Structure formats: structure tokens, C-alpha cells
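Okay, structure first, notes after.
The values are calculated or read from the model by the stated rules, or taken from the named source; none is laboratory data. Note that this is a predicted model, so its numbers are computed, not measured. All Cβ positions, glycine included, derive from the backbone under ideal geometry; neighbour counts span all protein chains shown.
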There are 2 protein chains.
Amino acid sequence: MFLARIKRVLVGQPLSNEMIEELKIPRWKALPLMSSDALSSTAYATEEILIALMTFSLLALSWSMPVAIAIVILLAIVTISFRQTIEVYPGGGSAYVVAKENLGHGAGLLTGAALLIDYVLTVAVSVAAGMANIDSALPAIQGHRELICAVVIIAIMMLNLRGNRESGVMLALPSYFFIGSFLLLLGAGSYNLLTGKTLPAAPLLHETYPEIPLFLLLRSFSSGCAALAGVESIADGVTRFKEPRIRNAKSTLFWMTAILAVFFIGLTVLAHVLGITPKPNETVISQLARAVFGKTGLYYLFQGLTALILFTAANTAYQGFPRLCSMLARDRYLPRQLASVGDRLVFSNGIVGLSLLAIFLIIFFEGDVHRLIPLYAIGVFLSFTLSQTGMVLHHWRERGTRWIRSLSIHGAGAVTTLTVLLVIASTKFTHGAWMVIAAMPPLFYLFTRIHHHYLAVGAELSLERESPPNRLPKVKHTVIVPISGIHRGVIEALRYAVSISDDVRACYVEIDPSATERIQSEWMKWAHEIPFVILKSPYRSVLRPMLEYIDDVAQSKNEEIITIVIPEFVTSKWRYSLLHNQTALLIRTALLFKRNRVVTSVRYHLKS
Amino acid sequence: MFLARIKRVLVGQPLSNEMIEELKIPRWKALPLMSSDALSSTAYATEEILIALMTFSLLALSWSMPVAIAIVILLAIVTISFRQTIEVYPGGGSAYVVAKENLGHGAGLLTGAALLIDYVLTVAVSVAAGMANIDSALPAIQGHRELICAVVIIAIMMLNLRGNRESGVMLALPSYFFIGSFLLLLGAGSYNLLTGKTLPAAPLLHETYPEIPLFLLLRSFSSGCAALAGVESIADGVTRFKEPRIRNAKSTLFWMTAILAVFFIGLTVLAHVLGITPKPNETVISQLARAVFGKTGLYYLFQGLTALILFTAANTAYQGFPRLCSMLARDRYLPRQLASVGDRLVFSNGIVGLSLLAIFLIIFFEGDVHRLIPLYAIGVFLSFTLSQTGMVLHHWRERGTRWIRSLSIHGAGAVTTLTVLLVIASTKFTHGAWMVIAAMPPLFYLFTRIHHHYLAVGAELSLERESPPNRLPKVKHTVIVPISGIHRGVIEALRYAVSISDDVRACYVEIDPSATERIQSEWMKWAHEIPFVILKSPYRSVLRPMLEYIDDVAQSKNEEIITIVIPEFVTSKWRYSLLHNQTALLIRTALLFKRNRVVTSVRYHLKS
């Protein structure tokens, strides 16, 4: 089992069912693992707000503060909604499940499509943003961004192919380091400003806000909404928490949101006060860190940790994507191979697929975060809207304790996220959101086609309308053994043939008439009880007369199964098989689409 | 049979045995078909002589006349020898057959290896020389020589994949055109000289011959010996002549040699008298044609016809190479697939292989005739020597009518060709002949290894020491049907299973324990008489417990065959098969190298 060994080396030992319980994670590990996606978005969300505003004028940058505050309010609304979702769906409140169960399969599939696209974009955006922060610090490697991004994605892929226990521990630490270093940045920055070590470039309060078109303001808001991507991951993964999992999940969600809000506001304020403006070759966060720390080792460390948390965020998608595929496959919207947790190998298909798609996006958009962002938020908010709406209907139908409160919260969440969705779709449409919108119908169609196929197969195979027989009726079947001579391998095949049927016949294609007589006399010696059919071959083809004979027998013995028993050699070394005819393979291929033909190879294992 | 249709379009209808007789060719067609290789060598043999002499001095070029005369004498000796070979081997006097039958298998294989290498070189040298003549006339395309050569080789390959009837007619005409145009060139050139229209640059008679090192003279002679390549083709192909085939072959051989001698001497004389010297970017024959015809349309036509006959010569190798492979394969020195004339497809392997090797040589030697030539003649003369020596032994053993005369002729031939072989090997060793010499032992080793394998397999499979049983004993075998649920496909497989054995058991790998009970109760309803084995899968792998179970059954039922009957789906469209588990394929692969396992797929054809 050579392949099995390769697989072990590459993806590690398989996990037993008992070990899955051990994989449940405590809060201190869940926070870094599940929130890296959300937290890391601070590395680009502020910058995107600023870029959008700067298209109007430099003065318009003062609007970044109100926009950031609006986004934090949005974040609070969404978080409160998700806390409720966790309570109702302790088994994992993926937007797909919530939408499917409450709004029907159509909405579920729409959500599923949006989420699949989002996972790919999470990988692409996070890795691209991580690289942007690395090459801000090391301008020498600019120009190789796509290549390095691809290498990073492949590295993350390999990590995930080896399973999430190993990656879990490795990925918890960077998040804590990032949180620590970010707090240090905010603290040091504030300290410098308060002590007058750095002079503010803009006032924080009593700001003047120039008039700018509402559309631009909304577009800036849309850009910043990327900060909310990843907030749903804790609600998705409730089952992965240690007990009491609902309480653990809720408190982890709270802490994540709190940290995200502080980081996002802190970063936006600091960037504004220090007068930082987006530049093409250096990220805002790099400029900020440089302004606060100077070009010290601390600056490089900070940039490294920022890149690391972004790569960790990409890793989040590797947890979610195969899990979502598995859910879709269990509902028969994706190939059933993806459904089973199975050996790790099954998930591998999803992991490799995700990586290739992300690499494709990176190459297509030249690893430019700014060009990827418009595609990102639309899927996030589509799934938010559908899941909030689903929760509204859930509470309306259930009307349990305090249902009015819950319904109101989700109602507010649904209205808000729908509004944001429409804002994003309209303000970002021409910037790339159209691609995501255009990709949805084909995905939706693919899901329904797959579903349709499975339903049709199920109906075709169903035994429901049949009544079971007393005993399974036997099949009458004729066995044909094609031979090219008489030797041990043929004798083995003939022995097998007479064991499985009373109606056995051998057939021999005559290429060289001078050999026929000898073979016939040997036949009489070794297998006289089996009819020996000699087929003429006017065109010296072995295959064609044989196939015609099989058809003839099938026609004369109407409705029966014909078994073709082929003597085949297995050579001691694979390369020797090149020295033998591949007749068995040819016959098998030729009969592949014929009904009522069973092709059986009786393999003779050669010592040579 | 989609593949079959593609094959028909590409390679044409198969030929029936009756049609093979029609393929016998009359003399008028045999001459151009079989002599193009020999005749076309005039296009480069003279030039190679001149190049070798010119390395000494321009004055040394006067030695070209004596060297050419020596080569024509050699040609006469070889031709007379071959006339005798035709008489003794009317079934085809390939050097391989002659050497093998008279000198033993070792000499046969040596000859075979030499000839195989030669066929490849014939293609490479002829196509390269053809291109050299085309780009002499059209200097614009110089620099793309390798590419165009490769395209030409591929075109010839396609022609041959379509079979030799079509190519026969197409290839007869260019040879006649070439003969005609060459005679015109010689005639017009002589006429111009005699009438004084052109003035001779060197005297033909009363020449002064400068002293030059013998080694250089011999090297020049060796280079010119390339003119003899292809002389053997008529003796090889005696069977292809119409009756009386011996007389027809002999007279064709005579005419071929006569034409070749006239052309070769004529060209050498004319080149010398007109004072033509080799140039890197224009062939000698092109310079000559330009000197005689001027840069007229006639010149371009002549160059085109020269290229055409050279390409036709490459085609000769496409006749000989697969035929030689087939002979070697019938003697079990090459894979037996090559042995049968079979459908045309069988020859295709040889044809494609020959083309790829020739293209490789062209690229390696940058399409330079001059660098390819030193490799060429050594194989030719090795096979000449071995076949002449074989004929000497033949006549010594037989001592038939006039055996002393025959023996003397072949003896003279053997001594001459051996001498030439040694001259070529020593004077051309560093120029590339070493490559051919180095390639022989590995080829020889390959032949013997293949032979050894076939002998071992033959001994292993032989029934000679066995005594035939009264009746073939049946095999007791257990059937295992792996199932994943109960549906029509499974029922079909179970019906087949109970038909081929009394000992059938189904096994089911439990991934989801909650489904087991339902399946068990369905089992009792549909197939209660068959034991139903439930396998636990602690690692959620389907394949592994199944393989372990099969091994367990095999061990408990020592020495029996285990048949694994797998229910398999055939979907209506191939792409739908991606939606189904490939368990059958996995099981088949896993059991491929296990003894006493027969894997049988019972395919259920889905309408969906």
C-alpha cells in the first residue's frame, strides 16, 4: 500500500471517533482560532475607508471617524443577533443552516453559494493583505507579490491537509501576539500624543467635516464593512467549544467583538490624528507603526505579526469551507464524496479546491487587496441578511419565551444588514461586486442540477414499489473465456469459469491459421469438456471478432448476463507489464457501456 | 466506439488479408519506393567527401574523384553480394535474418540494434538534408531548420499511420521526377562545358594530386560511404515484389545501383570541374544547380525535387523500422505487441516511436547533416559486414551449386565491408561514431532482458510437465459483496453473487451507527438468506475495514479464491460519474497485487 504510505506522511495518521471529542477546544484557544478572521480585518478595513474618501479630497479623510463609528454600531447589532443565534442553534448556527431551516432550500442555497464565495475571498484577501504588510516593511520583495502569496496559500493548505490539531496550537499563539502588539501600538501612539512626543496633524475633536457626496460616503462605509467579515465564525462553530458550549461561545463572541471594536476605532483615530494617508506601496498600518515605533525592530516585529494574523485568518476559511461543503453534500447539493468526514482524505478535495481558487483570484487581481475588497463584503452581508431573516421567522413561528425581544433584535439585524447589503451592492457594483452577483446564479444552478441527479438516481434505485421475493432469483449466465493460447494462466481462468457457470465457452481469434490445429489438439487434451470456438479475423484484429461473438451469444441467449472471464497476468515488476498484451483492458473498455456484460479478470501472478 | 471512429479517420480502414496480396508492387513502383533512400544520398555524399578533404586544403579537393571511384567500386561489390542474398533469401534477406540464421542470435541482435539505429538516422539525415536544400534556395527560412524538420517528420508520420497504399502512389512520382531532373542537370552541365558556355575551373584529366595524410583521405572516404546507405532495402523487401519476385528484385537492384553510380560520379565530376566548394549556408548540389540552371525557375524546381526525394527516403525507414521491430518481437526480443501485423494500430507504436527519436536527433544536432553523418554509416556497414559474413557461412555449410563462386563473392564483400567499417569507426570515432558504438550495448542488453523475461514466463506458464486432468477441477470460492445501502443496484449484484457461488456474504461498513438498524431490517426483507456482516470503522474509513475483512475471510478459508462482487453505477453521462463514490475503483486498485482475489463489478446502468 504505497499510496497509503505517502498519504500518511503527507496528511498524518487518521483520527478515530474517540479522538474527535478531544478536539473540542477551550475558550482561550477558541478566541484566537475563531476570531483571527475578524480581528485581522482591522489591518485593511481602515485603509479601505480612507482610500474611498481620498478619491474626493484629502480633507474628506476627516469623515473616517464617523464612518468607523457607524461600522462599530453595525458590528454591535450583528453581534447581539449572533448571540441569540447561538442560543437557538447550539448545534452550529451556520447561516446556511439557519436560512435553509427557516426560509427554505432556495434561501439556503443562496446563502451556501454566498458563503462558499466568501471563504475563497477570505483566503485571497487575508493572504494578499498579509503580503502587503510584509512588503511595506521589505520593499525589496515588491513585484513578486503574487508568487509569494501563492506560496503562502500552499503552505497553509499543507498545514490543513495534516489536520487541525497540529495547526490549532500553532495558530493560537500568533493571535495573542498580535493582540498584544496591537495594544502596544495603540498605547504607545496615544502616549506619544499625550506627552507631546509626536504632534497631532489633525484635531480629534471639533473637527470640520467638508461636504461630500452621499454616494462617496456610503462607498467608504461599504469598504469599511469588510471589518465585519468573520464575525459569524463563532456562531458557526458552537459545537467545537468545550461544555458549557453555549456560554463559552457567547463569551468568546463578546470578547472578540470588544477587541475588534477597540482596535478598529483606535486605529482609525490614530491614523487620522497622525495624518496618515493611504499610499500605493505601504499600508496604512505600516505607516502608523513606523510613525509610532520608528524604523526599529519593534516595527518589523509588528509588521510580521500583522502578516501572521492575516495568514491565520486565511486558515479560518480552511476550517469553514470543507465543513460547509460537507453540509451541502449531505443535503445532496454537492458530490456525496464531500459529505463524509471520512478519512482526512475526503476533506482534502475541499482544501485543495479552496487553495486553487484563492490562488486564481490572487493572480487575477495581481494580489491587490484594494481590488479584492469590493468582492468580499457582498457575500458576507448577503449571508448575514438571510440568516437574520431566518431567525426572525424562527421566532415568529416558535414564539417561545421573550420571543418579541428576540424577534426585534433579529428584525433590527435583518433590516440593518439588508440595508448595508444594498448599499454595498450599489456603491461597489462597478468595482467588482458584479462578479460575485454574477457568480451566484451558476453556483445555484449547479447545486440544483446535482440535487436533481441524486433525486433521479434515488427514485430509479428505490425498491419501495417492489415486493421482496422469497429468495433472490439466480441469474442464468453464460461465460465466455477469450484465449490466445493454452497455458497455466488460461487453465486458472477456465477453472474459475466452470466454477461460476455451467455454460462456459472459450473463444480464440485466428490470426495465424497454421497455429490453429496445434491449439485445437492441446485444447482437446486440457479442456475438452468446454466448447472451443474459433473466430476468423479477416482484418487481423483480435478485439473486433471477439466483441462480435459476445454480441452474437448475447442475442441468441436473450436477456441473460454474459460474463467474460479474461486470463490476465500480473508481472512481478510493473515495467514488465509493458511486455504483455493489454487485451483485458481493451475488452473491459469496449464493454464498459454495454448492459448485461460482466468482465472478470482472473489474474495469474507471475514470478517473473 | 468513439475511439474506433477517431482511429478510422486518422489511419484509414483496416486491410483484410485478401487485400495484402494486392499490395505487392510491380517493378516500376518498387524502384522509386525502395531506392529513394539510396538515390537521395547523392544529395549529401559528395558534399561530405569535399568537406572532409577541405579541412586539409582547397587543392586536396582534387582527391574527390578517386575517392568517389573507390566508393562506386565498393557499391558494385555490395550490390553483387546482395544479388546473391536475394537468391538465397527470397523470403526477405534482411541483414537481421541473415546474421541470426547463420551466425546465431548474438550476431542477429547486434545487426538488429545497428539497423534500428540506422532507421532513426535515415529519417534524421534525410529530412535534415532535404531542409538544407530547401533553405539553400530560400535563405529566409534559415534559422527555423529544426522546427521545419520536426514538422516534416510529423507529416511523414501521419502519412504512414494511414498505411502504405496511399503513400505508395504518392511517393513513386517524386522519385521519377528527381531522376529526370538529375539527368537534366548532368546533361545540361556537361553540354555547357562541352560547348564552352561555362568554362571549367579545374581540369578533369591530367589532374595533380597533392600529398595529403592517409587518415584524412580515409576519413573523406568514410564520409562518402553514406552513399551506400539504403542499398540493402531491396534485398530486405523481396516479398513485396510481384512474381517472379526474385528476378524482379534483382533487376530493380541492378537499375538502382546503376542510377546511383551515374549520379554519384556525375555529380562529383561536375562539382569538381565547376570548382564548387562546400559552404555553410548552401549545399553543394544547390550551388551546382545554380551554376548550371542559373537562378531560374528550373533551379527552384530542382531544389524542391531534391528535398522531396530526401523526404521520400525518410519514408523508406518507416517501411523498414516497424517490419524489423516485428521480426525482433516475433523472436521475443521486443514487446510482443509489436509482433503482429494486426490492425494498423499495432504498427503505429513503432511509427510514432521512430518519429520521436528522429525529432530528438534533429534537435540535438541542430538539424545539421554534417554532424549527423558520422553516426550514420557505422550502423550501415556493421549490418553489411554481419550479413555478408553470414552468407559466407551459409554457402560454406550448404555447398550447393556454384558455392565456391558465391562464397568468394560474399567473402570479398565481407572483407571489404569489414575494412570500411573499421575505417569509419577509427576515422569518425571522435566525430560522433562513438555515440552509435556506445548505444549498442544498452540496446543489446535490453533485447536480452526482454527475451529472458519471455523465456521465464513461458517456462512458468508451461503445461508440459503437467498431466491433464480428466475434467477441469472447479474452484471453491467465497463471494463478498460490499454494500453501502440497499437498492436496485445492490439487488442486481446480490443476484449475480448467488448465481456464481453458494457461499455469499455481504458486508457493510458502519460509519453512522444510527443508520445501521434501518439497513439491517431492510436486509431481512430483501436478502435474508445472505449473511450480513457489519464492520465497525473507528477511523471512519470505508476501505480499510473492508480490506481487512476480505483478508480475514481469505485466511479462514485457506487457499480459496475470494470474489468481490461490487455493485457499480454507470451513469448516463460521464460527468455524472463524478457525483458517485469510486469505491469499486479503490477496491480494485487495493487488491491488484493480491493473489487469489477476483474483483467483479456488476454494473447497474442508470437512466439518469
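Name every residue in region A:599-608 that is assigned to a strand (DSSP E or B) and surrounded by fewer than 19 Cβ atoms within 10 Å (Cβ to Cβ), in order of residue number.
A:HIS605
Which of (1) part of a helix (DSSP H, G or I); (2) of a type in the set (Ser, Thr, Tyr); (3) out of contact with any helix residue (DSSP H, G or I) (no Cβ under 6 Å at 6 or more places or on another chain) is the odd one out, the single condition A:THR257 does not satisfy?
(3)
If you go through region B:87-97 one residue at a time, how many are crowded, with 24+ Cβ neighbours inside 10 Å and among the aliphatic types (A, V, I, L, M)?
Going through region B:87-97 one residue at a time, the tally reaches 1.
Name the single residue, out of those in region B:570-598 being more than 7 Å from chain A (Cβ to nearest Cβ) and more than 30 Å from B:LYS476 (Cβ to Cβ), that is surrounded by the most Cβ atoms within 10 Å (Cβ to Cβ).
Among residues in region B:570-598 that are more than 7 Å from chain A (Cβ to nearest Cβ) and more than 30 Å from B:LYS476 (Cβ to Cβ), the one surrounded by the most Cβ atoms within 10 Å (Cβ to Cβ) is B:HIS580.
Out of all the residues in region B:260-295, which are among the β-branched types (Val, Ile, Thr), farther than 24 Å from B:PRO139 by Cα and under 36 Å from the mean Cα position of the chain (by Cα)?
Result: B:VAL262, B:ILE265, B:THR268.
Would you mind finding the one in A:ILE212, A:ILE265 that is touching a Phe, Trp or Tyr at 6+ places or on another chain (Cβ under 6 Å) and closer than 23 Å to A:ALA60 by Cα?
Just one listed residue meets the conditions, A:ILE212.
Can you pull out the helices (runs of 4 or more DSSP H) entirely within region B:61-144 that have at least 2 residues that are more than 20 Å from B:GLU232 (Cα to Cα)?
In region B:61-144, the matching helices (runs of 4 or more DSSP H) lie at B:64-88, B:105-137.
Looking only at region A:345-369, count every residue that is surrounded by fewer than 20 Cβ atoms within 10 Å (Cβ to Cβ) and of a type outside the set (D, E, K, R) and tell me the total.
Within region A:345-369, residues that are surrounded by fewer than 20 Cβ atoms within 10 Å (Cβ to Cβ) and of a type outside the set (D, E, K, R) number 11.
Are any of the residues in region B:456-473 in contact (Cβ under 8 Å) with a residue 60 or more places away in the chain, within 52 Å of the chain's Cα centre (by Cα), facing another protein chain (nearest Cβ under 8 Å) and within 30 Å of A:SER608 (Cβ to Cβ)?
No - not one qualifying residue is present in region B:456-473.
Has region A:37-60 got at least one residue that is within 18 Å of the chain's Cα centre (by Cα), under 26 Å from A:SER220 (Cβ atoms) and assigned by TED's automatic domain parsing to the domain that holds A:MET327?
Yes, because at least one residue in region A:37-60 is within 18 Å of the chain's Cα centre (by Cα), under 26 Å from A:SER220 (Cβ atoms) and assigned by TED's automatic domain parsing to the domain that holds A:MET327.
Closer than 27 Å to B:ILE77 by Cβ, surrounded by fewer than 21 Cβ atoms within 10 Å (Cβ to Cβ) and at pLDDT 90 or above, is that true of B:TRP396?
yes
Go through region A:474-497 and count every residue that is within 18 Å of A:PHE569 (Cβ to Cβ), facing chain B (nearest Cβ under 7 Å) and in contact with a strand residue (DSSP E or B) (Cβ under 7 Å, 6 or more places away or on another chain).
4
Going through region B:249-305 one residue at a time, which ones are in contact with a Leu (Cβ under 7 Å, 6 or more places away or on another chain) and small (Gly, Ala, Ser)?
B:ALA261, B:GLY266, B:ALA271, B:ALA289, B:ALA291
Need pairs with beta-carbon distance below 9 Å; first residue in contact (Cβ under 8 Å) with a residue 60 or more places away in the chain and within region B:533-551, second buried (at least 18 other Cβ atoms within 10 Å of the Cβ) and of a type in the set (D, E, K, R); sequence gap 6+ or separate chains.
Close Cβ pairs satisfying both conditions: B:ILE550/B:ARG597.
Would you mind finding the one in A:ALA30, A:ALA60 that is surrounded by 22 or more Cβ atoms within 10 Å (Cβ to Cβ) and at pLDDT 80 or above?
The conditions single out A:ALA30.
Condition check ((1) outside the structural domain of B:VAL72 (by TED's automatic domain parsing); (2) closer than 17 Å to B:THR46 by Cα; (3) modelled with pLDDT of 90 or more; (4) of a type in the set (Lys, Arg)) across all residues:
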{"position": "B:LEU260", "(1), (2), (3), (4)": "no, yes, yes, no"}
{"position": "B:GLY266", "(1), (2), (3), (4)": "no, yes, yes, no"}
{"position": "B:ALA271", "(1), (2), (3), (4)": "no, yes, yes, no"}
{"position": "B:GLU282", "(1), (2), (3), (4)": "no, yes, yes, no"}
{"position": "B:ARG290", "(1), (2), (3), (4)": "no, yes, yes, yes"}
{"position": "B:LEU305", "(1), (2), (3), (4)": "no, no, yes, no"}
{"position": "B:GLN319", "(1), (2), (3), (4)": "no, no, no, no"}
{"position": "B:MET327", "(1), (2), (3), (4)": "no, no, no, no"}
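Tell me yes or no: at least one residue of region B:498-517 is among the hydrophobic types (A, V, I, L, M, F, W, C), within 19 Å of B:THR600 (Cα to Cα) and within 9 Å of chain A (Cβ to nearest Cβ).
yes
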